[in-house]
Amino acid sequence: MKLILLLVAVASFFPADGEIAAAEVKVSEATQACIECHRVVHPGIVADWQRSRHAAVTPQEALGVQGVGRKVSSPAVPGGLAETAVGCAECHTLRPGEHADTFEHNGTDIHIVVSPGDCRTCHVQEADQYSKNIMAHAYKNLADNALYNDLERSILGRAQRKGGRWTFEPPNAATKAESCYYCHGTKLKVTGKEVRNTDLAGELEFPQIEGWPNQGVGRVNLDGTLGSCAACHTRHQFSIETARKPYTCKECHVGPDVPVNKVYESSKHGNLFSTHNQDWEFKAVPWTIGKDFAAPTCAACHVSLVVNTEGDVVAQRSHQMNDRLPWRLFGLVYAHPHPISPDTTVIRNRNGQPLPTDLDGGVATPFLIDAAEMDRRRRTLQAVCLGCHGTSWVNGQWARFENTVRETNAKTLDATRILQRVWAAGLAAGPDRKGSPFDEAIERRWADIWLLYANTTRFASAMGCGGDYGVFANGRYEMNKAIAEMQDWFDLRQALLRPKTP
Amino acid sequence: MKLILLLVAVASFFPADGEIAAAEVKVSEATQACIECHRVVHPGIVADWQRSRHAAVTPQEALGVQGVGRKVSSPAVPGGLAETAVGCAECHTLRPGEHADTFEHNGTDIHIVVSPGDCRTCHVQEADQYSKNIMAHAYKNLADNALYNDLERSILGRAQRKGGRWTFEPPNAATKAESCYYCHGTKLKVTGKEVRNTDLAGELEFPQIEGWPNQGVGRVNLDGTLGSCAACHTRHQFSIETARKPYTCKECHVGPDVPVNKVYESSKHGNLFSTHNQDWEFKAVPWTIGKDFAAPTCAACHVSLVVNTEGDVVAQRSHQMNDRLPWRLFGLVYAHPHPISPDTTVIRNRNGQPLPTDLDGGVATPFLIDAAEMDRRRRTLQAVCLGCHGTSWVNGQWARFENTVRETNAKTLDATRILQRVWAAGLAAGPDRKGSPFDEAIERRWADIWLLYANTTRFASAMGCGGDYGVFANGRYEMNKAIAEMQDWFDLRQALLRPKTP
Amino acid sequence: MKLILLLVAVASFFPADGEIAAAEVKVSEATQACIECHRVVHPGIVADWQRSRHAAVTPQEALGVQGVGRKVSSPAVPGGLAETAVGCAECHTLRPGEHADTFEHNGTDIHIVVSPGDCRTCHVQEADQYSKNIMAHAYKNLADNALYNDLERSILGRAQRKGGRWTFEPPNAATKAESCYYCHGTKLKVTGKEVRNTDLAGELEFPQIEGWPNQGVGRVNLDGTLGSCAACHTRHQFSIETARKPYTCKECHVGPDVPVNKVYESSKHGNLFSTHNQDWEFKAVPWTIGKDFAAPTCAACHVSLVVNTEGDVVAQRSHQMNDRLPWRLFGLVYAHPHPISPDTTVIRNRNGQPLPTDLDGGVATPFLIDAAEMDRRRRTLQAVCLGCHGTSWVNGQWARFENTVRETNAKTLDATRILQRVWAAGLAAGPDRKGSPFDEAIERRWADIWLLYANTTRFASAMGCGGDYGVFANGRYEMNKAIAEMQDWFDLRQALLRPKTP
């Protein structure tokens, strides 16, 4: 029976005649009208949707599933939507009054940007969880934090040296949209209308949208909701397979600041995924350890509903992705317990800065989860580990990991002490002289230490892959080298420039 | 029917008895003679060929295909070749008088190195297009450009510091062949003969070929033709699947100078390819968007004949790979419009240097394509984008990309200004003092900026993957850091060494 | 028939009811008892084993195979083991008196850590070969070499600058276990017992093991044997497919010190693997060139039993992995012939240091293999190359490779000469002043040259992939840049600090 399903899956990828594959599922008239033109002008989108579960199952059928296999978490869906496939019109005409980009298109009011507010119609639980996810707030968390803005400007802006100080031409919107905000999400805004001459329908009017295109995890949508479900559930197939394979997370987590994909790929788990994933089952809900997959992907540990071969729930699905994470490894400037609020702009450290830690390594305790919550999250994640590993294995792994959180924080503090001496010696303008801590050469070398090397070391530790990324590949080797270089830079200038120390 | 083909494909990979798989296709006697020995001494090559389309279809059959599905572009093939499989002898004995490595081997005149001049017998259109491709000229474009030679020597040569200047022992031929010219292609030359004792035929004489082995894209062949079709259509299966998957392009485009594979792999397109490619069809000609593949590979955007689900041509096949590219992103020293001639040694900037731009960012306009041609190429590529994306999406993406071309060029100019001040202050020997601009420490740091970081940022932008490669992974973060370091280096020496400025 | 096997493989991955898949193979009562509980508490392990060959074939059946297809190399196995599947109890209760972690668990004496000493029961030849493999000694080779310890401390330790010298707080055991010793292997030691409350059996006592978890290649086991077969033959499927695909080697060979996976992935061989491996056969023994695979993986060149399509042995299986390697490319400090003894702590260079070369590039000849043995190994590996390449190709490739060994050694010597001048000028404390050669900023930059860039260049050369890794990606570009920076550092300090030169 499995065999038959497999062959059907292959066959359905190649619809013999281009007709809608799942012919037995009713498609609304509105959607049929969309497809008529768009299959010609954007064949890729239409074909993608035809392969989707949205095209093959009606919400009514989906609501009929009982137990943990149910994918539609809303208790019911509006009557008009229940009995047809979830097609173009079903999503792009939802809640027209709430979308600033709603416009009349061949007789129908449609909007371009489908938002979590729309997806919530059927997937209420996932949308609500995600709204509590730190990612949903990624736009504001960066754009409305003065200190992060300073770092952003020092990276993106065009630098000019004037009077011994750096000044930055602010990066333009296009640069920001394709760099930091590519992942964080842009803030969308309708700025006007334009008329375009189309191949199939002559002149048509379309809204102009600032910040478009974007599929960042914290996109500020035109209905005010936050995020883009398509960041992970890539349109228009919205395949759970896409979200469960590690390549989706890689889109934003491959760089040296958060090199989780690189670390995963070279871990034992990543080895098994790469070697055997073609024999695994990525569409099953719930997802059964050992039966459907033999080593975790990102989703298995951090998001998915995972059960054992008896059907017992090992981990509940959660779209609040830090629900299984006690520590926030991404050093700002030090690794720290996860923030309580997904809106991190509320955080103040003891110096009043919008940072979860201060420069001396102290944590902004009132804004971060406490030990009890950390322990709850630790145990939630460990339940997944225990699916394949004994208790002594799991405890050993975690003890090493939490040791590494401490040790990398300690080395970051050592580096910060050197920088503080540099500032005190007047060799760079730090916060004491109202300078940015991110813009001068020596400060940038310091940033490498916590932003690249400490982070890499911690992610390597977390995923139990200490080998290369914990040592040579942006890990401890580079960290100690950078500390030595900072000291070397300081020693030379101390010896030669002899500025007055305060 | 699809199912059956699939199973046959699997089965044919494992010929039950080692006999030639496609028994029904006639194999020439000459080829049969080759196989008799070579199946024993080089079994991998023979088996590879047995799985090839060349072994399964005669040119005559291939010529019978009408319309866009036809793969043999020559109007006809020489009579002796039409009715048998395209085997060992068919290619290795073609045009014997033109190949300097032709030698008598067990009674037949064969040549070792098959060239585009040979492949052109059946594939005239592809060979002619490729000859106009900048890649075909990659040997000369590097070897015959004095300035690039200078850069090459500063990278490959053994450096010695003498009298405050660097001198370089020229890299030997072996080093050059496996580094720059591994991709650019070597210049082949027959230097003599050697006798080797063979397992199956005793003593045999073979030509000795300088520059061999090599499969670089601009190899200068022993018949004078340029390039190696096997660079992408890997011998001896010559599978279009190989050429269409991104791993082929990765062979030469993975390094930090042209990190297109790294960027692609972490893009949305790359995610979909990695996640779903096992369900896609990579052998169909033409290649149908949505039906055969759901996200583009390198080939889909830059080379292949792509059609929509109605069979309309979206993009014509082109082996002149910049046919869809208005901009040359690879900074020399700045990104610029593509050169008109694939032979770039003809270019002179306004200072008479063989560079498409000058150090102040000016472009060598007479040698580069004009705005109209840029627009034509832009629209040719955008037609592929539109296969899955709306016009506002595509326009938004391109506006960002062309903004990034300008912005990275501007930052490169900022860095160049610092270097020019360094030269003016006598702290390094630049062109004004007849020094190489590439050999001293501060000049090498400058090269990082345009050769690695500006390029990476641009490729990340071009492929709509701004996240990590546009920011931390050799992108803007490193670019601004390097500029700060250059300034820091200059400031220290200005303060301490106080050389006379001119 | 092939088709049927393929489908069975797919089907068996998804046991319909969770029952043991290979029902026709007898499972011992002891193993059945293990599975009863562990299928619930660690479902992943049990399911993994159920898919293994160990679950599907008895040793007796395996012993019946004649010729090169035989996988059990021991002439016989103890009677009690021959007729049942190789299950939990078969391995975890073997040789109970020899394992320090043997403990009573629900009525059975089991040990947690299965060792090569256990695997040797059936796989004597592989265990004995591996014991002569340098990897088996990776713990001692690092931990018991004073000079490598010095390097390790400079990378892992917390650095403090005192009186112009660096001192290091020794890294703790947890840090060491997840960094260097993650791959090298930890030294396991039973330190006590602990009682844990278990879900299914209430309070149970377990041994506490220092250094656990670990699967490093040189793990020192609790029975005194060295290594972990599971490093490559990942538990509990122990699939030969896992060991043969390159992702396994990647676990420890992806970093910039030994970037073999990065180089392989961007080589022609890696391209073909990535593009076509889903159609190849990774479980066949022996492994036939051309029939089972069309391009080599790590295992094909370095480990596996490879035959041609006539069944002739091209390369014998060897778990002494340098059996086909004349050169040790990993520079310490220079590339050199492979050590004779896998225990490299016995080596002394002519200055009495425990290094295979001295700082001037001289090799510790008495401890390294001689030219005849190098030639034997070269020819053993070349036999694999010749499976797909002609003699002139193979000879050309090897000539380039050995040229690169010489050239990178020569450049490393150039860099070392600069460092020696730095030491002589008193600008850093080298061996002459009893200083570590690895801890100061300038020394760390020197280490980049041999540890990262020379190694990368050599691995790129060895795998015939000179393109990016031989030039820009941590290759020659970075090597010459680092040499220029070292000189620049020295020149500035010579000019300004004017210390007395000796």
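Computed values, structure above
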{"read-out": "Test: residue in region B:222-230 that is within 11 Å of chain C (Cβ to nearest Cβ), surrounded by fewer than 24 Cβ atoms within 10 Å (Cβ to Cβ) and without any contact (Cβ under 8 Å) to a residue 40 or more places away in the chain", "value": "no"}
{"read-out": "Count of region C:367-414 residues which are at the interface with another protein chain (Cβ under 9 Å from one of its Cβ atoms), among the aromatic types (Phe, Trp, Tyr) and free of Cβ contacts under 8 Å to residues at least 60 places away in the same chain", "value": "1"}
{"read-out": "Residue match in region A:80-99 (condition: at pLDDT below 95, small (Gly, Ala, Ser) and surrounded by fewer than 21 Cβ atoms within 10 Å (Cβ to Cβ))", "value": "yes"}
{"read-out": "All positions within region C:379-420 that are of a type in the set (Val, Ile, Thr) and closer than 17 Å to residue B:171 by Cα", "value": "C:404, C:405, C:408, C:412"}
{"read-out": "Close pairs (6 angstrom Cβ cut-off, 6 or more residues apart or separate chains): farther than 15 Å from residue B:363 by Cα in region B:321-347, hydroxyl-bearing (Ser, Thr, Tyr) and not in a strand (DSSP E or B) anywhere", "value": "B:324/B:380"}
{"read-out": "Residue count for region A:279-301, restricted to those that are in a helix (DSSP H, G or I) and touching a residue at least 60 places away in the same chain (Cβ under 8 Å)", "value": "2"}
{"read-out": "Flag if residue B:303 is away from every other protein chain (no Cβ under 14 Å) and crowded, with 20+ Cβ neighbours inside 10 Å", "value": "yes"}
{"read-out": "Residue that is surrounded by the most Cβ atoms within 10 Å (Cβ to Cβ), among those in region C:322-358 that are of a type in the set (Asp, Glu) and either closer than 18 Å to residue C:458 by Cβ or touching a helix residue (DSSP H, G or I) at 6+ places or on another chain (Cβ under 8 Å) (or both)", "value": "C:323"}
{"read-out": "Among residues of region B:252-289, those that are modelled with pLDDT under 95 and within 20 Å of residue A:246 (Cα to Cα), counted", "value": "0"}
{"read-out": "Residue check, residue A:361 within 14 Å of chain C (Cβ to nearest Cβ), surrounded by fewer than 16 Cβ atoms within 10 Å (Cβ to Cβ) and in contact (Cβ under 8 Å) with a residue 40 or more places away in the chain", "value": "yes"}
{"read-out": "Selection within region A:180-219 - away from chain B (no Cβ under 11 Å), of a type outside the set (Gly, Ala, Ser) and free of Cβ contacts under 8 Å to residues at least 24 places away in the same chain", "value": "A:191, A:195, A:203"}
{"read-out": "So residue C:291, is it surrounded by fewer than 23 Cβ atoms within 10 Å (Cβ to Cβ), at the interface with another protein chain (Cβ under 7 Å from one of its Cβ atoms) and not aliphatic (A, V, I, L, M)", "value": "yes"}
{"read-out": "Matching helices (runs of 4 or more DSSP H) fully within region A:441-502 where at least 1 residues are more than 21 Å from residue A:333 (Cα to Cα), modelled with pLDDT under 95 and within 12 Å of chain C (Cβ to nearest Cβ)", "value": "A:467-470, A:476-497"}
{"read-out": "Selected residue (only one of A:410, A:454 is closer than 21 Å to residue A:264 by Cβ and not hydroxyl-bearing (Ser, Thr, Tyr))", "value": "A:454"}
{"read-out": "Complete set of residues in region C:303-347 that are assigned to a loop (DSSP other than H, G, I, E, B), within 30 Å of residue C:285 (Cβ to Cβ) and of a type in the set (S, T, N, Q)", "value": "C:304, C:308, C:309, C:316, C:318, C:320"}
{"read-out": "Options C:151, C:156: the member that is without any contact (Cβ under 8 Å) to a residue 60 or more places away in the chain, of a type outside the set (Gly, Ala, Ser) and over 16 Å from residue C:217 (Cβ atoms)", "value": "C:156"}
{"read-out": "Residue tally, condition surrounded by 14 or more Cβ atoms within 10 Å (Cβ to Cβ) and more than 22 Å from the chain's Cα centre (by Cα), over region B:365-375", "value": "1"}
{"read-out": "Extreme residue, surrounded by the most Cβ atoms within 10 Å (Cβ to Cβ), among residues of region A:240-280 that are polar (S, T, N, Q) and more than 8 Å from chain B (Cβ to nearest Cβ)", "value": "A:266"}
{"read-out": "Within region B:402-413, considering residues that are surrounded by 21 or more Cβ atoms within 10 Å (Cβ to Cβ) and not polar (S, T, N, Q), the one nearest to residue B:461 (Cα to Cα)", "value": "B:405"}
{"read-out": "Residue match in region A:421-438 (condition: more than 9 Å from chain C (Cβ to nearest Cβ), in contact with a strand residue (DSSP E or B) (Cβ under 9 Å, 6 or more places away or on another chain) and among the acidic types (Asp, Glu))", "value": "no"}
{"read-out": "Residues within region C:34-70 that are within 26 Å of residue A:295 (Cβ to Cβ) and either surrounded by fewer than 16 Cβ atoms within 10 Å (Cβ to Cβ) or in contact with a helix residue (DSSP H, G or I) (Cβ under 7 Å, 6 or more places away or on another chain) (or both), tallied", "value": "12"}
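Matching residues to (1) farther than 25 Å from residue B:215 by Cα; (2) part of a helix (DSSP H, G or I):
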| position | (1), (2) |
| --- | --- |
| C:248 | yes, yes |
| C:264 | no, yes |
| C:277 | no, yes |
| C:349 | yes, no |
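Condition check ((1) assigned to a helix (DSSP H, G or I); (2) at pLDDT 50 or above; (3) not β-branched (Val, Ile, Thr)) across all residues:
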| residue | (1), (2), (3) |
| --- | --- |
| C:3 | yes, no, yes |
| C:6 | yes, no, yes |
| C:9 | yes, no, yes |
| C:15 | no, no, yes |
| C:20 | no, no, no |
| C:24 | no, yes, yes |
| C:32 | yes, yes, yes |
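A quick yes/no check of all residues on (1) buried (at least 22 other Cβ atoms within 10 Å of the Cβ); (2) at pLDDT 95 or above; (3) not hydrophobic (A, V, I, L, M, F, W, C):
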{"site": "B:167", "(1), (2), (3)": "no, yes, yes"}
{"site": "B:175", "(1), (2), (3)": "yes, yes, yes"}
{"site": "B:186", "(1), (2), (3)": "yes, yes, yes"}
{"site": "B:204", "(1), (2), (3)": "no, yes, no"}
{"site": "B:237", "(1), (2), (3)": "yes, yes, yes"}
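The values are calculated or read from the model by the stated rules, or taken from the named source; none is laboratory data. All of these numbers come straight from a predicted model, not from anything done at the bench. Because the Cβ atoms are built from the backbone with ideal geometry, glycine has one as well, and the counts that use them run over all protein chains shown.
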